[in-house]
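S.K.: Pasting a structure below so you can have a look.
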Amino acid sequence: MGTIENRQDRPLPLAEQRRRNLPAGAALSWLDAGWRDLCHSPGPSLLYGLAVFLVSLGIVWGLFRFELDYILFPALAGFMVVGPVLAIGLYQKSRDIEAGQPVSLTRMIFVRAASGGQVWYAGAILCLLMLVWMRAAVIIYALFFGLRPFPGLHDVAAMLFLTPEGWAMLLVGTVAGGLFAAFSFAISTFAVPMLLDERVDAFTAMGTSISLVWNNLPVMLAWGAIVLGLFLLSVATGLLGLIVIFPLLGHATWHSYRAIK
């Protein structure tokens, strides 16, 4: 009996401790919780989303102004890499609501993370990843089209869909981009909320995020699909949708972290 009791008291392996067995549909409950947080004193969240929209619009304008429109699509994809860091103020609001504290735009802007400067170190790593992705996208273009100048947004569809090189580049770019997006999503989705909430270093938070994503794959695939779909909706609205969608996803990401950590 003593042996059996000892076995029962033995802690589960770390991988088992991080498996929550949540159904894929749980991702919708995170979105619903995020919407409730958005509607709770909505002004600060919407101002936050407006600031993200204006900064994004300024970056897009700058790409066209300096004739860098050929990296527009990689830059839009890279936005999803650094998005978790940009949303840290939204995590703070959801955290305050959870703790019963008053919501303040000042607290959302001047966030005091439990991990201190580690959260900004993680942000620097994610920004570096975004730059690596943008460079990789340019290299992929060069591999298939050589030194041919970018034709501009008006003619890019014909170049991609009416030439063999275009189809090949789409295939390779989709596979490479998908792998890069999956890695970026895995290391960042829980890392930044964790750095806000706990006293850990950036690499521990990123490693833990990967473990949590891997051990809860069905619900995280559903969540990733929701994030991607809503981001594409924002792009389809000329980024105007970011004013509402970015805060919604930020608040919902906090609830995904609380559900799985």
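S.K.: Which fully enclosed helices (runs of 4 or more DSSP H) of segment 1-78 have 2 or more residues being modelled with pLDDT of 85 or more?
M.R.: Values: elements: 2-9, 14-17, 26-39, 42-65.
The qualifying helices (runs of 4 or more DSSP H) are 26-39, 42-65.
S.K.: Would a scan of segment 115-136 turn up a residue that is modelled with pLDDT of 90 or more, part of a helix (DSSP H, G or I) and of a type in the set (Lys, Arg)?
M.R.: no
S.K.: If you check LEU242, LEU232, which single one turns out to be within 27 Å of ILE59 (Cα to Cα), surrounded by 20 or more Cβ atoms within 10 Å (Cβ to Cβ), under 17 Å from the mean Cα position of the chain (by Cα) and not aromatic (Phe, Trp, Tyr)?
M.R.: Unique residue meeting the criteria: LEU242.
S.K.: Let me ask something else. Test VAL103 against the criterion of being part of a loop (DSSP other than H, G, I, E, B) and not small (Gly, Ala, Ser), and give yes or no.
M.R.: yes
S.K.: Another question, then. Could you please tell me which pairs satisfy a Cβ distance under 9 Å, a separation of 6+ or placement on different chains, a first residue in segment 164-193 that is loosely packed, with under 15 Cβ neighbours inside 10 Å, and a second residue that is of a type in the set (Gly, Ala, Ser) and assigned to a helix (DSSP H, G or I)?
M.R.: ALA182/GLY224
S.K.: Does at least one position in segment 100-110 carry a residue that is in contact (Cβ under 8 Å) with a residue 24 or more places away in the chain, small (Gly, Ala, Ser) and either crowded, with 16+ Cβ neighbours inside 10 Å or within 25 Å of PHE180 (Cβ to Cβ) (or both)?
M.R.: No, because not a single residue in segment 100-110 is in contact (Cβ under 8 Å) with a residue 24 or more places away in the chain, small (Gly, Ala, Ser) and either crowded, with 16+ Cβ neighbours inside 10 Å or within 25 Å of PHE180 (Cβ to Cβ) (or both).
S.K.: If PRO42 satisfies all but one of (1) more than 25 Å from ASP197 (Cα to Cα); (2) surrounded by fewer than 16 Cβ atoms within 10 Å (Cβ to Cβ), what's the number of the condition it fails?
M.R.: If we test PRO42 against (1) more than 25 Å from ASP197 (Cα to Cα); (2) surrounded by fewer than 16 Cβ atoms within 10 Å (Cβ to Cβ), just (1) comes out false.
S.K.: Whether any residue in segment 217-224 is of a type outside the set (Gly, Ala, Ser), out of contact with any helix residue (DSSP H, G or I) (no Cβ under 8 Å at 6 or more places or on another chain) and touching a residue at least 60 places away in the same chain (Cβ under 8 Å) is what I want to check.
M.R.: Yes, there is a match, as at least one residue in segment 217-224 is of a type outside the set (Gly, Ala, Ser), out of contact with any helix residue (DSSP H, G or I) (no Cβ under 8 Å at 6 or more places or on another chain) and touching a residue at least 60 places away in the same chain (Cβ under 8 Å).
S.K.: Pairs please, first residue from segment 14-29 and closer than 10 Å to TRP223 by Cβ and surrounded by 11 or more Cβ atoms within 10 Å (Cβ to Cβ), second anywhere and among the aromatic types (Phe, Trp, Tyr) and modelled with pLDDT of 90 or more, Cβ atoms under 6 Å, 6+ apart in sequence or on different chains.
M.R.: Matching pairs, first to second residue: ALA27/TRP223.
The values are calculated or read from the model by the stated rules, or taken from the named source; none is laboratory data. Just so you know, these numbers come straight off a predicted model, no measurement behind them. FYI the Cβ positions are ideal-geometry reconstructions off the backbone, even for glycines, and counts take in every protein chain you see.
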